[in-house]
Structure formats: C-alpha cells, structure tokens
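K.L.:
Handing you a structure now.
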Amino acid sequence: VQCHGVSVSSRNDVMSKTRMPHYRFPRPSTGAVRAVIALLQPPGSCKAFTRSGSSYPPLGLCQLAATVQGRGNNLSPVIDADGEGWSDETTLKHILSMRPKAVGMSVTSGTKQLCERWGAMLKREAQPSPLRVVLGGPEASMDPRGVLTSCPSADAVVRGEAEVIFPELVDRLLEDMPLQGLRGVLERSQEGPELPELLRVPKGGFPSLPFPALNDLPVHRYWCPDAVRSPMVTFHSTRGCPFKCGFCASPELLGKKVRGWGVEDVLDELEWLVQEKGVKEVSFVDDVFTAIPRRTQALCEGMVQRELGLSWFCNARADQVNARLADAMAAAGCHQVYIGMESGDPEMLKFISKGAKLPTLERGAALLGAAGVKRSVGFVIGLPGETDETVSRSIELAKRVKPERIQFSRWTPLAGSPLVKAGYGRTEGGDAGFHDRLAEDQVSRWLARCYSECWGDGWGKTSV
Ligand code: SF4
C-alpha cells in the first residue's frame, strides 16, 4: 500500500485515509505476547535535562507505538520506566519478560550515555537471544554517525520522524530482516558517506496519523513546576518553525513549514484526554504555539466552546501576540507562556536572526501580562560576540519586562543550528562545547551575575 508516498504494510490499518483516533483501537494485550520492539524511556531520562524532578511522557515513543497499535498485538509497548519511578532492576526484568527482538530509545544530547548504558545492559542480559538496539530522537537525527560512535551498542539509528516508516520497521524486525535500505535508517554496518534522509510526516499526512498512544502510561505521575494542576501531559499539536534563530536546531530537525493536526482533531484528542484519562493540565510542546496565530485563536475558542476546563502553558513568540490572541489564550486556560527574548542587545538579536525587534517583543510580553498570563522569559548567554555590555542589556531588558519567571541559559552549540553550521562553537571533533575553559568560566560568571541582579524583588523566579 502506498500512503502519502510511504510504503506501508497492508496490515497497517492506521495510515488509512481517515484518521483513526487511538482510543478506537483495541488496547494492546500485555503479558504473554512477545514484543517486537520495546520502546523504552530509561530510568533517569528526565533528570538529564531538568533539575526539578519533572517527569514527562515519552511523547515521541508513544507516537511510534500509535502507528501499529491497531494490529491488536503488543508489538511495540512503550515502557516509561522513568515515569513509573522504576529501579534499574525492575525495568530490566520487565523488558526481558517481553522477550523483545529490539529495543528503541530516543536520544538527546543529554541522554547518549544513558541510552548506551541501557542498550549494552539489555543486549548482555538478553543473551543468548539476540537483541537489536535502534535509536532515534533529536541527536540521532542531527548527528547519526556521532550517535553510532558514542553508543557502540546501537545497531541502527533513525533520522527524523520515524513514525513515517515505523510500521515497516516493525515488519522487518518481526521477520529478522536487516533495516538497511529503509528510509531514514542508518545501520552500523552501512558503508559510505551519505546520510539517510531526514524523515518528515508530510503536511497532508496528519489527518491519517493517530495521536501518541498514552494508554498504558502513568499519566497521574507526570508533572513539572510550570504546571498548576495534575495530571499533566505534554501535547505536540504542530511541528516545525518558520523562524531561523541562530542557536536553535529545531527548524532543521522538524522543518521550516508548520505541520500538524487540524484544530478539530486536536480538540477531539484533548477532550478524550480530559474525559478518559482525567487530564487537567497540558504542556503544549509545539516549538511555537502561536506560529499560525489564527489557528491558535481558533483552538483557544474551541477549548472554551467545548468547556474543556484545562489549564495549560506553551511556547510562543511575543512578536506574534496581539491583544485579541492574548485574551483568547487566557480565556482558554493558558496560565503561562514561555517567551524566548534571547538578548537585550539589538545587534545580538540581528546576529542570531531573531526576526523581531525589542519593542515588539516587549509589547507582546506586556499584552500577555495584561491578559493575566504569566510570562516565563528566556535569555541565551554566551553567544558568539557576547560581552559585559550585551549581558548588561539583557539584564536591563529583564528588569523592564519583569517576567514572573526568568531563565538565563548557557548557549549550547547544537548540531544543525545555523550558528554551528556557520562554524561557531564546535571543536574539530564535532563535540558540543566551548573551545577553552576560559570562555566557559566567563559564561558562568555572566550567568551568576544575571541571576543575582534579577532576583529578589518579587519577580523573576526561575523556571527549571
Ligand atoms: S528559537 Fe523558537 S522561534 Fe526561534 S527558530 Fe527555534 S523554535 Fe523557532
């Protein structure tokens, strides 16, 4: 069957022309049926990027699982050992009891070592049965060879949105076939300098793509300090960002075109989460929730009309917010918006191609504040060309905006970001990091100064 240009198994009844919400599918059976690929969020995953004890569902893995859930077998169970709070021992026992042919994990720059530890351990413990380790996620997408080098236990990596080929990947694993030749996949044994394509769900592919399968996850345990209620889940309603901020790899990873489910489909899914899972809080993890302002407006109005009663927070561009949108967001339950201001220095904003000027950003932040939405404002410190003066301007901007929360982050040269592509910030070996300790110490001093000058007068509590 050819569907949106993707060859899929005829047994895959998910990618049909009509979107089948995951709740219409039979729940996967558990226990006796052998899993083909266990999708694992290992213990300690969330600690790799947050110090607050936050716990998030493994949304990407759930998205993969959803594409084969209709087959009726427990082909690709999602095991959120981190969310469950399981020990290594419990996790290991649980996975081995499923006798999977493969384990899949999502790798970020912070979880490479963790994924390698689990890949190696599971392979060792599964013996004499062979077990394949397949890695995906942002780091595998942007730096597939680097991930294969850092993670010797990995047999293959998948670049981009693996849901595009996941049903076929499961078929191949089921038949013990090699993954080589599958779109987006780089097997360890594969020779040659060429990288496989970065997979993307086409814009027209969303109506037939089921929402992530959160069915068996410990939804009641998900939490982060930005949430005001629980249970909380994360929700990715659109992917992609048309902007090109120099430090950000997101448009490279998820594309410059905004793609996503239709407003009514999103509202249906939110309604299901509220009614069936008791969800009260949503963290929208779209890169820019306001990327298409009229869509955001319609979504907010729909949330009010359907009386979903959710509280939620999101990422937005302050320059896209007008008074009408700010009011609609607040009325729909939005209590906090994360806004990247990045720098208070106009030249720095130009250098990183922020695509917005300071007065516009300040006005958007003020409108959100006036609508009763808390602003969590982010700055990036240590960008190329940063000086004491540019840092001072960022502090001055923070003091003018007086956001309820504030975050100064160290610039990390991300693979795939425009600055790294232009040659800034990576060592010859390709490792993220500064060229010398001096630069790093300087950034630490700047960060300490930013926080010390922006704390203590009733605003600027940090987000973690
Ligand atoms: S920082 Fe935000 S607005 Fe800028 S490119 Fe990244 S996702 Fe887009």
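Every number in this text was worked out from the coordinates using simple rules, so none of it is lab data. Predicted model only: the values in this text are computed from it and were never measured. Heads up, the Cβs are rebuilt from the backbone with ideal geometry, glycines too, and the neighbour counts pull from every protein chain shown.
K.L.:
Computed over the Cα atoms, what is the radius of gyration of region 378-417 divided by 2.2 N^0.38 Å, N being its residue count?
P.N.:
Expressed relative to 2.2 N^0.38 Å, the Cα Rg reads 1.28.
K.L.:
Okay, moving on. Relative contact order of the chain: what whole-number percent is it, with Cα pairs under 8 angstrom and at least 6 residues apart?
P.N.:
The normalised contact order for the chain reaches 12 percent.
K.L.:
Another question about this same structure. If I fit a long axis through the Cα atoms of helix 388-401 and take the longest principal axis of the Cα atoms of the chain, what angle between them do I get, 0 to 90°, rounded to 10?
P.N.:
The two axes meet at around 90 degrees.
K.L.:
Assuming a viscosity of 0.890 mPa s and a temperature of 25 °C, what translational diffusion coefficient in µm² per second does Stokes-Einstein assign to region 224-462, Rh being the Kirkwood radius over Cα pairs?
P.N.:
For these conditions, the coefficient is 131 µm²/s.
K.L.:
Going Cα to Cα from K93, which lysines come in below 20 Å? Please leave out same-chain ones fewer than 8 positions away.
P.N.:
Of all the lysines, those that pass the test against K93 - Cα under 20 Å, at least 8 places apart if same chain - are K101, K123.
K.L.:
Here's something else I'd like to know. From the cross-link list K374/K402; K357/K402; K47/K402, which pairs have alpha carbons spaced over 22 Å apart?
P.N.:
Beyond 22 Å: K47/K402.
K.L.:
Taking the 0 to 90 degree range and rounding to the nearest ten, how far is the long axis of helix 293-305 tilted relative to the main principal axis of the chain, both from C-alpha atoms?
P.N.:
Helix 293-305 sits roughly 70 degrees off the main axis of the chain.
K.L.:
Given DSSP loops and a limit of at most 10 other Cβ atoms within 10 Å, what is the longest stretch of the chain that contains no such trypsin sites (Lys or Arg not before Pro)?
P.N.:
Between exposed loop sites, the widest span is 52-464.
K.L.:
Treat every Asp and Glu Cβ in the chain as -1 and every Lys and Arg Cβ as +1, leave all other atoms uncharged, and give the resulting dipole magnitude about the Cα centre to the nearest 20 debye.
P.N.:
Value, rounded to 20: 520 debye.
K.L.:
List residues of region 287-326, by number, whose backbone nitrogen lies under 11 Å from a label position 7 Å along Cα→C-beta of E271.
P.N.:
It comes to 303, 305-308, nothing else.
K.L.:
Another question, then. Which cross-chain or sequence-distant (5 or more) residues have an amide H under 5 Å from the amide H of G340, H modelled 1.01 Å from N in plane?
P.N.:
Amide H neighbours of G340, under 5 Å, 5+ apart: A316, A318, G378.
K.L.:
Further question: What are the aspartates and glutamates whose alpha-carbon lies under 18 Å from the alpha-carbon of K112, with same-chain residues fewer than 8 places away excluded?
P.N.:
In chain and number order, the partners are D80, D82, D88, E139, D143, D155, E187, D431.
K.L.:
Using each residue's phi in region 108-116, evaluate 6.51 cos²θ - 1.76 cosθ + 1.60 at θ = phi - 60° and report the 3J(HN,Hα) Karplus result to the nearest Hz, with x for Gly and Pro.
P.N.:
Rounded to whole hertz, the list is 10, 4, x, 10, 4, 5, 4, 5, 5.
K.L.:
Report the label-to-label distance for F49 and R324 in nanometres (one decimal), using points 7 Å from each Cα along the Cα→Cβ vector.
P.N.:
Using points 7 Å along Cα→Cβ, the separation is 3.4 nm.
K.L.:
Within the chain, which is the longest segment that contains none of the GluC sites (Glu not before Pro) sitting in a DSSP loop with at most 14 other Cβ atoms within 10 Å?
P.N.:
1-174
K.L.:
Still on this model: Please list, in order along region 121-135, the HN-Hα scalar couplings obtained from phi with the Karplus expression 6.51 cos²θ - 1.76 cosθ + 1.60 (θ = phi - 60°), rounded to whole Hz, x for Gly and Pro.
P.N.:
Once rounded to whole Hz, the list reads 5, 5, 4, 5, 6, 6, 4, x, 6, x, 9, 8, 10, 10, 10.
K.L.:
Please give the Cα centre distance for region 198-270 versus region 138-164, rounded to the nearest Å.
P.N.:
Computed from Cα coordinates, the inter-centre distance equals 21 Å.
K.L.:
Follow-up question, since we're still on this one. Hey, could you get me the Stokes-Einstein D for the chain, Kirkwood radius over alpha-carbon pairs, 25 °C and 0.890 mPa s, rounded to whole µm² s⁻¹?
P.N.:
Estimated via Stokes-Einstein, D reaches 106 µm²/s.
K.L.:
Could you calculate the FRET efficiency of S129 with E191 from 1/(1 + (r/R0)^6), where r is the beta carbon distance between them and R0 is 30 Å, rounded to 0.05?
P.N.:
0.60
K.L.:
Would you mind calculating the gained length between E347 and Y451 on full extension (0.36 nm times residue separation, minus the Cα-Cα distance), in nm to one decimal?
P.N.:
Using 0.36 nm per residue and subtracting the Cα-Cα distance, I get 35.2 nm.
K.L.:
Kindly express, to the nearest 10 degrees and within the range 0 to 90, the angle between helix 437-453's C-alpha long axis and the longest C-alpha principal axis of the chain.
P.N.:
60 degrees
K.L.:
Below 23 Å Cα-Cα, how many Lys pairs turn up in region 180-334? Only count pairs eight or more apart in sequence, or on different chains, if you could.
P.N.:
5
K.L.:
Let me ask another. Would you kindly derive the ³J(HN,Hα) couplings of region 152-168 from the backbone phi angles with the Karplus curve 6.51 cos²θ - 1.76 cosθ + 1.60 (θ = phi - 60°), listing them in order in whole Hz, with x for Gly and Pro?
P.N.:
After applying 6.51 cos²θ - 1.76 cosθ + 1.60, I find x, 6, 6, 8, 7, 10, 10, 9, x, 7, 5, 4, 4, 10, 4, x, 6 Hz.
K.L.:
Right, something else. Given points 7 Å out from each Cα along the Cα-Cβ axis, report the S392 to R221 separation in nanometres with one decimal.
P.N.:
5.0 nm
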